[in-house]
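First up is the structure itself, then whatever we jot down about it.
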Amino acid sequence: MGCHGEVVALAPVEVDSIAAEMRIDATEIAARKAFLELTETDANCLRAIREQLAGAQHGFADGFYAYLRQLPELAALLPDAATVARLKQAHGRYFDSLIEGEYGEDYVAERLRVGMTHARIGLTPKWYVGAFRKYLSDMLRATWRATGGEAEAFMPAFDALLKVVMLDLGLTLDTYIHADKRAIALRDRAIESSVNGVFIATAAPPDYRLIYANAALSHILGSAPGAMIGKPCLCTSAEDGFAVIREAIAEGRNGYTTLSRLRADRSRQWIELFLAPVRSDTGSVSHYVGVLNDVTARKDAEAQLAFLAHYDTLTGLPNRSLFDDRLAQALARAERGEDFALCFVDLDRFKLINDSLGHGAGDAVLVEVARRMAAVCRSADTLARLAGDEFVILVEGAGSAERAAAIARRVLAALAPPVVAQGRDIDVAASLGIALCPVDGADADTLLRNADAAMYAAKAAGRNTVRFYDEAMNRRASQRLALETDLRRAVARDQLVLVYQPQLVAADGSLAGVEALLRWQHPERGTVSPLDFIPIAEEVGIIAELGEWALGEAARQMVDWRRRGIDVPRVAVNLSARQFHDADLAERIEAILAEAGASAEWIELEITETAAMAHPSDAAQALERLRDKGLQIAMDDFGTGHSSLATLCKLPLNVLKLDRGFVHHLPDSDTDAAVADAVVTLACRLGLSVVAEGVETEAQRQFLADTGCDVLQGFLFARPLSAAALEAWLAARGGSSSPSPALGCASVKVEQHGQKISAPS
């Protein structure tokens, strides 16, 4: 009996599992029969009229299904004649089992299967009971006819039939209850295993106490399991974050909010709360269901993304994006008369720190520099890191030069003490450029450009100082930018050349070598002073490229001279600090010489005293690798740095070069005379030769020769010459005398206002 009895088939194993879950075994079946007073007498009674009932059931089956199809809810389960025909056949089999008199475990299992099928297809209990009522009503007449219309035979037969039908109905309703319990258990399991906190609260104000809270809710809120039951609902909190929820409760609608709270350990927690009302059949709110999520990780990630968007990850200072926003706000205030200043800060020679100590030390310096500058800035000012070692300070309310200068002086004072990084004391300095608004510009681009120009003016003035912007700086900045662009192309366009200045043996005036000086022959500017282009090359990072070009060019010239029988014993190439700290320096030099076809014994490499003394142990190892390649090593500009005799003795050197600063006032300056004599004496004791630079008078020559200096160089003998002019100079002297190997050399340098700048560096 029923609808779609065979639509959803259950496997025997599944039926057995359901029976076991419902605890319907032989004992339970016997108990149910006993309660219904269903005995073997009843079974025999039904067997006695089985044939008469079987014949009658086909007649009332048509009327039964016609009745069911009149009801809209049941008609949906009986959509067509084919379905009805199939169910009538199933109904016939059911009727046969109903009056067969066998009501054991097999019969019960079949009834459970039918009940579960009906539950699955959606035949609700009220319709199922109604169908049973119709069925019994029709069976009443059929049983009356089957018993011959005799009351004494009819009463026990119909009572037996009623007992069996009630057994069926009980089993069917139990399957519905079991299915509901199963569904509820699954929902409970899903809720309990959820990572979301779920709670149910009564709709009784003012506390809306909790009647259910899953484990996740206790975990999220840090309470013991079960401790929240009976407590007021957290959504009634007086905190501002719950205002949206309180309004939703008052209006009987859904509510959502995200808010923060402090955990027991005082750490910040972000939670996301959704609350929904539960309504009764009458439409009134009986309960509230809430879902709580811990979104602290998401909020932290959002905060981190916001930080990364507006702050520098290394120093924690505002980045370019946030600074641009602050600058735009300051410009808007400036239109109302609130002037300000921009102070552009660029660390001096920071690249040398990165190149010599590594980026780890460079980062440590930047962090400390940022901390010190932030400490001297006012809370109203904005200190930002734009890029690399470039910082900018937006000085609010500083429309006058005096107030802006005061900030700049505090910054310079803060940076004066050495910075400790990787166990070393590192001297840090900065060049500062200041532009005032609106005097030096009324828009962001102009102010930044002019502050940058002022900063470069500070560098040109000797670094570690402050300069204010003026129009002349703008012109110089434009010229410098053009010069930088041209310099990047100078090597490729063959605009760089080497010129040579002779060096002579002090004892007999024979040729000891030549010093090669780097020149830039610009097609429009003419000869560009090294004073202009060497600092640019250092700042833009192409100094190493120029150095390698100079080494290769000098080596090729030596090969050419040797091939043509022109005797220049050795070429010394000055190494920049950048080159000197390259791990593969020796291999790179070896490759350059091999490409030119030059012998290593023709080359003398010069390092500055400052570069060598920055890291003496590293310098000693680097110089030893160069010496192993057969190269001569000279220390240039000796006496101008911070050498210690103990360190000097450990460096594998061949030559000390006396700086021209100690030669210029000879022999009249007693101090310079003492220094020159000491350098020569020291070199002699260490087994080194001495080259004096900048010899311009006969008195200087005589003094240095008498002191014991080995090699002399300067305008007294010759100015820098092109390779062809040098060859003519040598021919006019009748060739060159071969000096001893310890004295012969040629150096690659750049002449700058009577001083030398390392051209290849």
Worksheet item: Sorted by packing (mean other beta-carbon atoms within 10 Å per residue), highest first, where do 416-423, 340-347 land?
Response: 340-347, 416-423
Worksheet item: Using a Förster distance of 41 Å, how high is the FRET efficiency between T124 and A297, based on the Cβ-Cβ distance and rounded to 0.05?
Response: 0.35
Practice prompt. Give, rounded to the nearest 20 debye, the magnitude of the charge dipole that the range 335-471 has about its Cα centre when Lys and Arg contribute +1 at Cβ and Asp and Glu contribute -1 at Cβ.
Written response: 520
Worksheet entry | Stretchable slack from E21 to R488, in nm (0.36 nm times residue separation minus alpha-carbon distance) | 159.5 nm
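Where nothing but the Cβ of Lys and Arg (+1) and of Asp and Glu (-1) is charged, how large is the charge dipole of the chain around its Cα centre, in debye to the nearest 20?
On the way: 78 positive and 103 negative charges, 299 e Å.
Its charge dipole is roughly 1440 debye.
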Worksheet entry | Degrees separating the helix 543-563 axis from the principal Cα axis of the chain, which is the longest one | 50
Worksheet, complete the sentence: Once all protein chains are kept in place, T465 shows an accessible area at probe 1.4 Å, nearest 10 Å², of 30
Worksheet item: For the range 102-136, which chymotrypsin sites (Phe, Trp or Tyr not before Pro) are both in a DSSP coil and crowded by at most 12 other Cβ atoms within 10 Å?
Response: none
Item to complete: Can you send over the carbon and sulfur percentage of the accessible area for the chain, probe radius 1.4 Å, protein chains only?
Response: 53
Response to the item:
Residues meeting the amide H criterion for R209 (H placed from the backbone, H to H distance under 5 Å, 5 or more places apart or on another chain) are T202, A204, C233
Worksheet item: Can you give the helix-only mean residue ellipticity at 222 nm for the chain, where every DSSP H stretch with n ≥ 4 adds -39500 (n - 2.57) and the sum goes over all residues, rounded to the nearest 500 deg cm²/dmol?
Response: -16500 deg cm²/dmol
Item to complete: Please state the charge dipole magnitude for the range 437-595, taken about the Cα centre, from unit charges on C-beta atoms (+1 on K and R, -1 on D and E), reported in debye and rounded to the nearest 20.
Response: 340
Worksheet item: Farthest toward the dipole's positive end in the chain, which of Q632, H287, L171, given Cβ charges of +1 (Lys, Arg) and -1 (Asp, Glu) about the Cα centre?
Response: L171
Item to complete: Answer with one residue from F344, Q269, A384: the one whose Cα lies farthest towards the positive end of the charge dipole of the range 254-398, charges on Cβ with Lys, Arg +1 and Asp, Glu -1.
Response: Q269
Worksheet item: Extension gain D567-E338, at 0.36 nm per residue separation less the Cα-Cα distance, in nm?
Response: 75.2 nm
Worksheet item: When the label point is put 7 Å from the Cα of V289 along its Cα-to-beta-carbon vector, which residues of the range 186-216 have a backbone N closer than 12 Å?
Response: 187-188, 191, 198-201
Worksheet item: Looking at the chain, which longest stretch skips every one of the GluC sites (Glu not before Pro) that is in a DSSP loop with at most 16 other Cβ atoms within 10 Å, leaving the sites themselves out?
Response: 339-523
Worksheet item: What accessible surface, in Å², does a 1.4 Å probe find on R372, ignoring ligands, DNA and RNA and rounding to the nearest 10?
Response: 30
Item to complete: Mind jotting down the three principal axis lengths of the range 45-171 based on Cα atoms? Whole angstrom, largest first.
Response: 42, 31, 23
Worksheet entry | Proximal aspartates and glutamates relative to K629, as straight alpha-carbon distance under 18 Å, when same-chain residues fewer than 8 apart are discounted | E548, D582, D584, E587, E590, E595, E601, E604, E606, D618
Worksheet item: Leaving out same-chain residues fewer than 8 places away, which lysines sit with a Cα under 18 Å from that of K163?
Response: K33, K134
Practice prompt. In whole Hz, with x marking every Gly and Pro, tabulate ³J(HN,Hα) for the range 78-84 from phi via Karplus 6.51 cos²θ - 1.76 cosθ + 1.60, θ = phi - 60°.
Written response: 10, x, 8, 5, 5, 5, 4
Discussion item. What is the ratio of the Cα radius of gyration of the chain to 2.2 N^0.38 Å, with N the residue count, to two decimals?
Written reply: 1.85
Discussion item. For a quick size check, give me the Cα extents of the range 426-535 along its three principal axes, largest first, whole Å.
Written reply: 67, 36, 24
Worksheet, complete the sentence: For the chain, the charge dipole (Cβ of Lys, Arg +1; Cβ of Asp, Glu -1; about the Cα centre) points to a positive end, and the Cα of N214, A442, A374 closest to that extreme belongs to N214
Item to complete: Output ³J(HN,Hα) for the range 153-159: one whole-Hz value per residue in order, computed from phi by the Karplus curve 6.51 cos²θ - 1.76 cosθ + 1.60 with θ = phi - 60°, and x for Gly and Pro.
Response: 7, 5, 4, x, 5, 6, 5
Discussion item. Going Cα to Cα from K459, which lysines come in below 18 Å? Please leave out same-chain ones fewer than 8 positions away.
Written reply: K351
Worksheet, complete the sentence: Spelling it out for S510: with amide H atoms placed in the peptide plane at 1.01 Å from N, the residues 5 or more places away or on another chain with amide H under 5 Å from its amide H are V505
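The values are calculated or read from the model by the stated rules, or taken from the named source; none is laboratory data. The shown structure was predicted, so the numbers you read here are calculated from the model rather than taken from an experiment. Here the Cβ is made from the backbone with ideal geometry for all residues, glycine too, and neighbour counts use every protein chain on show. Remember, those area values only see protein heavy atoms, side chains included, never the ligands or the DNA or RNA. Shrake-Rupley method; radii C 1.70, N 1.55, O 1.52, S 1.80 Å.
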